[in-house]
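Asker: Below is one structure. I have some questions about it.
The values are calculated or read from the model by the stated rules, or taken from the named source; none is laboratory data. Given the structure is predicted, the values throughout are model-derived calculations rather than measurements. Neighbour counts are summed over all protein chains in view; Cβ atoms, including those assigned to glycine, are modelled from backbone coordinates with ideal geometry. All accessible areas refer to the heavy atoms of the entire protein, side chains included, with ligands and DNA or RNA removed. Shrake-Rupley method; radii C 1.70, N 1.55, O 1.52, S 1.80 Å.
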Amino acid sequence: MSGPGDARRRTESALAWTAILFRVAAFAEVIALNFVGDSGLRRQVPGFAPALAILGLESALVVGLTWRRRRVPPAWLITTDSVLTAATAMAMTVMAGTAIKDSGPDFMLPYMLLVSIGIGMAFRTLRAALASTVPLVAAYLYMQAWSGFFWLGAVPHTIGFWVDAAIAWFVAALLRRNATELDETREQVARLAAEQERTRNGRILHDRVLQTMEALVRDGWLVDEKVRTHVAAEARWLRGYVRGDHDSSGGNLTAALEEVVEQAIRAGLTVDLNAAGLRAAGAVLPVATVEALSGAVREALTNVRKHAGTGQAVVRARVEGGLVVVGVLDHGVGFTSRGRGVGLRESIEGRVAEIGGSVSMESAPGEGTLVELRVPL
């Protein structure tokens, strides 16, 4: 079964093996031209063997890195390789001297043309690929001038460097684009299948389980108050699951607040959650923001349960003026500014401050408390 990005990985691996084969073939050809070709003079040219050894080490580095990464080498390495190849070719031309007067720079031309193909595959923009081929073009023109050939004869070959690089770039870009589109299509199909499965499961839960639980609470089948409260809380959670509200992996603050409220209800507090404004805005927040806000609301509800002298609270979440605003309201005993404990200062104000938000508290003895958390959207 294909995973995320599988087509892109396979495409990059195929391009890498293509680059390896071209490079190995290029080095084999330059060896053949200079040691088993039609001219025995090159065997006696001083410095040819060390120069070819440099090309061999350079090619081995490129091939080894490509094989290890299963990807075409990075652009900076390919550009460096182009410069070193050009410098080595010009040095070999100088060392050959009169040995190439009758044949021109053919002893390096096939190798350089194949190197230009690797250049085209390494870059994501055509301009960068052509620019990285410039050292090869300059080196070939220098070699033509040194060998005494008319410079106009070099034009077709120099154009060939750019043509090879451009064709390789076009093919690689087309393969990468097709792979990206294939991966995106697969991801969309997977999301659609998951959504269809969720819908089917939600329909089953709604028709068979949720309605039964809500009927037990609504019709008085449960006599024990604690059991009835617990079943009602579970029914609310299940209804949120059917709606898809509990998927908090993508920064779903509504799902996190649902969970906090359910925990408070299980602890004996009656809590009404109004997150319609947040749900309508479709806000997706960073995970750290969701965790900080839900943790602050949890602490605020804990304070209500322990210190407010009331068993009821309201949690409201909305988007207002570029801010996510979450309020916790109770009509308990309230407190003065001196009554704010460590829990309010650290667990609420500290949490929200760490994510760049602010907290406001309104309270007075006998008039309840309103805690509002504000975080930039």
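Asker: In what sequence, highest mean first, do 12-22, 360-370 appear when ranked by Cβ atoms within 10 angstrom?
Answerer: Going by the mean number of other Cβ atoms within 10 Å, highest first, we get 12-22, 360-370.
Asker: Considering only protein heavy atoms and a 1.4 Å probe, what is the carbon-and-sulfur percentage of the accessible area of region 285-334?
Answerer: So the carbon and sulfur contribution to the accessible surface is 52 percent.
Asker: Here's another thing I want to ask about it. Extension gain residue 191-residue 178, at 0.36 nm per residue separation less the Cα-Cα distance, in nm?
Answerer: Residue separation times 0.36 nm, minus the Cα-Cα distance, leaves 2.7 nm.
Asker: Oh, and also: Kindly rank 85-93, 312-320 from highest to lowest mean number of other beta carbons found within 10 Å of each residue.
Answerer: Result, highest mean first: 85-93, 312-320.
Asker: While we're here: Quick check: with the 1.4 Å probe, what order do 107, 123, 335 take by accessible area, largest first?
Answerer: Highest to lowest solvent-accessible surface, that is 335, 123, 107.
Asker: What does the accessible area per residue of region 161-208 come to in Å², with a 1.4 Å probe and no ligands, DNA or RNA counted?
Answerer: That works out to 70 Å² for each residue.
Asker: Can you pull the one-decimal nm distance between simple spin-label points at residue 218 and residue 69, each 7 Å off the Cα toward Cβ?
Answerer: In this crude label model, residue 218 to residue 69 measures out at 6.3 nm.
Asker: Under the Karplus relation 6.51 cos²θ - 1.76 cosθ + 1.60, θ = phi - 60°, what is the ordered set of whole-Hz ³J(HN,Hα) values for region 156-168, x standing for Gly and Pro?
Answerer: Result, ordered by residue: x, 6, 5, 5, x, 4, 5, 5, 4, 5, 5, 5, 4 Hz.
Asker: Now for a separate question. What does the accessible area of residue 157 come to, in Å² to the nearest 10, when a probe of 1.4 Å is used?
Answerer: 70 Å²
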